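Heads up, the thing below is written out as structure tokens.
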Amino acid sequence: MADLLGVPLETVYQWRRKRIGPRGFRVGRHLRYDPEDVRAWVASLLEGEAA
């Protein structure tokens, strides 16, 4: 997800800690995101900018 959004990986982890990013889940030691949740999250950010 960090590559897709062009942000450092640590930023993604901070979003998760602050609960301001898309829903994520752990698979073992790895953090995974449902692509549909990421799209919905990005869409909600874009709608907020347009308002």
Review point. Can you tell me the Rg and the Dmax, both Å, for the Cα atoms in the chain?
Key: 11.3, 39
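When the accessible area of the chain is computed with all protein chains present and a 1.4 Å probe, what percentage of it is carbon and sulfur?
Values: 2250 of 4220 Å².
About 53 percent, which is the carbon plus sulfur part of the accessible surface.
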Exercise for review: Report the extension gain between Gln14 and His30 in nm, rounded to one decimal, defined as 0.36 nm multiplied by the number of residues separating them, less their alpha carbon distance.
Suggested key: 4.3 nm
Study note, to complete from the structure: Probe 1.4 Å, heavy atoms of protein chains only: per residue, the accessible area of the chain in Å² is 83
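The values are calculated or read from the model by the stated rules, or taken from the named source; none is laboratory data. Values in this document were obtained by computation on a predicted structure and should not be read as measured data. Calculation scope for accessible area: heavy atoms of the full protein, side chains included, ligands and nucleic acids excluded. Shrake-Rupley method; radii C 1.70, N 1.55, O 1.52, S 1.80 Å.
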